[in-house]
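A short write-up of the structure that comes next.
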Amino acid sequence: MTSEALVTETAASSSKGRPAKKSKKSGGPGLFARIALFLRQVIGELKKVVTPTRKELINYTLVVLVFVIIVMGIVTVLDLGFGRAVLWIFGGSKSLEQ
């Protein structure tokens, strides 16, 4: 096999041309058929949903509230720390009523 034949085969096998445009009549489902399929899939997924029991719901709510309180505490401490650091760096001890 010559190097010219090798290059030609390689170039032919790895062509990166754009794919042909699809015609409007591709034979696929129409607009209303796609909407109906989507609605059937939504209904199928909603049938899989399991609602939590009262005990689970209370437990989930408490977990979320505790997490929010912890994050609020962290943000408050960071805010106070950064505020004091900025006042210390830029000399915020001067009064504004001069």
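Here are the numbers for the structure shown:
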quantity: Gain in span if fully extended, LEU87 to VAL50, counting 0.36 nm per residue against the direct Cα distance; calculated: 8.1 nm
quantity: Residue-wise HN-Hα coupling along segment 69-82, computed from phi with Karplus coefficients 6.51, -1.76, 1.60 (Hz; x: Gly, Pro); calculated: 5, 5, 5, 4, x, 4, 5, 4, 4, 5, 4, 5, x, 5
quantity: At most 16 other Cβ within 10 Å, DSSP loop - trypsin sites (Lys or Arg not before Pro), segment 29-95; calculated: LYS48, LYS94
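Coordinate-derived values only; no laboratory data. For clarity, every value in this text was computed on a predicted model and none was experimentally measured. For neighbour counting, all protein chains shown are included, and Cβ atoms are generated from backbone atoms with ideal geometry for every residue, glycine included.
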